[in-house]
Amino acid sequence: MFEIRDKPNMVERALLVGVYFDKHEADEAESLLDELRELVKTLGIGVVDQLLVRVPKSHARYLMGTGKTEEVIDVAKDLECDCIIFDNELTPAQQRAWEQDSNICVIDRQEVILDIFNVRAQTKEARLQVQLARMEYSLPRLARMWTHLDRQGGGVGARGEGEKQLETDRRLARKRIDRVKAQLEEVRKQRTTQRKERERMPLPHASIVGYTNAGKSTLLNRLTGSSVLAEDMLFATLDTTTRRIELPDGQPLLLTDTVGFIRRLPHRLVEAFKATLEEALLADFLIHLLDASDPEVLATYTTTQEVLAELGAEEKRKLLVFNKVDLVEDNTMRRELESRFPDACFISAGTGEGLENLQNRMSTMLAGRVHRLHLRVPQSRHDVVTRLHRDGKIISTDYEGQDVLLQAVIPKAMQDLVTPFIDSEATPTAME
């Protein structure tokens, strides 16, 4: 069967290995290895130990030299590990070499992330995207599945049974990839249609973006009163969720929680999830959420900025928000962040600290997009009142004779509809 191996699902004791080549990269390599530990824990795999290995240059067969390779294998066997997990990306040939020499399951960071995405994806589109990424990852690794056949048959110019089987398997694999791509295209067409329907509603839209585990789902829950899954776990949710909220000045806003970013996110997953992350491109503005308590917060800020740039969203208006300020133990760190990012909001989605200021800032981001108007609508025009309830915000309602007197927050897209009903005795005020 054409699929990523089931071995990671049977792993209980893993040794983590991070390889770096420059002594100045040691701190970053250690941070990435700690992040890999959290990713592996998300899969329920026990981590026995982790090793940082510095080598002067990359080696084609093992990534490191034979001496270092033997040392790592000896450590893994002494600790009775059933898996070695590399923080680095391994080529198919390197994976085969490690497994042949160690007789231990060997996987890399890519395979760990793919496995997490496979478990966490919920919507049809997300599942197809993950399936496509997993198959594209597996395709060049199919050879190892048929090593027991690759020397059958013979003769000059003849092809062995193993080679025939491998060619057949690759052909079937490519057919499956094409089929999934076609299914994914259909799902995207459906989503485009749904988006067009949503765009007919003149509601402003903001997307929460940021590093995984920054608290995006918790913030969405706090602002909307919803119950989206929010756990202290990397990639707890992968699917976008959109909820409607009301800002303090009465403005309605669609708020979307997007998939989190991560350092060294496999490129094929960036491509696979581009459709999901397109929500960020369509938003009026982005809420870039960061974990203020994370010692690597500046690195995660840079990572998110880089991914947004890759998606073409670097010019999108952004509201920078530092979350989890209640967990910041070093006040010096907070002061440094406040000094470096003077326009940022500092909040705690868990305790509610700073949320009022955040919502006011969100209103400011939409200044000029809506108006607060006083309207006099004949009671016979129920259609107008219905549209105002659906796409605007009714602040107050009164009646005078056959007219309905309304004070409402009106999106600019509805200006032509309501202009005939503006109450000349009241002065319309632009939202500030």
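Coordinate-derived values only; no laboratory data. Not measured: the values here are computed from a predicted model. Here the Cβ positions follow ideal geometry from the backbone for every residue, glycine too, while neighbour counts run over all protein chains shown.
Over the C-alpha atoms of region 276-343, what are the Rg and the largest Cα-to-Cα span, Dmax, in Å?
Rg then Dmax for region 276-343, in Å: 13.0, 37.
Over region 370-430, what is the mean sequence separation of C-alpha contacts under 8 Å (at least six apart), divided by residue count, expressed as relative contact order in percent?
Normalised by residue count, the contact order of region 370-430 is 50 percent.
Based on the mean of other Cβ atoms within 10 Å per residue, sort peptides 171-180, 345-354 so the most packed one is first.
Sorting 171-180, 345-354 by mean packing, highest first, produces 345-354, 171-180.
Sort the following peptides by mean Cβ neighbour count (other Cβ atoms within 10 Å, averaged over residues), highest first: 58-67, 85-94.
So the order, starting with the most tightly packed, is 85-94, 58-67.
Provide the FRET efficiency to the nearest 0.05 for the Asp22-Thr302 pair, computing r from the beta carbons and using R0 = 25 Å.
Efficiency, rounded to the nearest 0.05: 0.90.
Please identify the GluC sites (Glu not before Pro) of region 23-81 that satisfy two criteria: DSSP loop assignment and at most 12 other Cβ atoms within 10 Å. Which are they?
Loop-located and lightly packed - Glu80.
Using only Cα atoms, figure out Rg for region 370-430 and give it as a multiple of 2.2 N^0.38 Å.
0.97
For a quick check: with amide H placed at 1.01 Å from N, whose amide H comes under 5 Å from Lys393's, ignoring anything fewer than 5 positions away on the same chain?
When sequence neighbours closer than 5 places are left aside, the close amide H contacts are Val409.
For a bin width of 10 Å, list the pair-distance distribution of region 7-112 built from all Cα-Cα distances, rounded to whole %.
15, 53, 30, 2
Computed over the Cα atoms of region 286-432, what is the convex hull's projected area averaged over all directions, in nm²?
The directionally averaged projection comes out at 11.7 nm².
Sort 329-337, 412-420 for me by packing, meaning the mean count of neighbouring Cβ atoms within 10 Å per residue, highest on top.
412-420, 329-337
Residue by residue through region 53-59, what is 3J(HN,Hα) from phi via Karplus (6.51 cos²θ - 1.76 cosθ + 1.60, θ = phi - 60°)? Round to whole Hz and write x for glycine and proline.
3J(HN,Hα) across region 53-59, in whole Hz: 10, 9, 10, x, 7, 6, 10.
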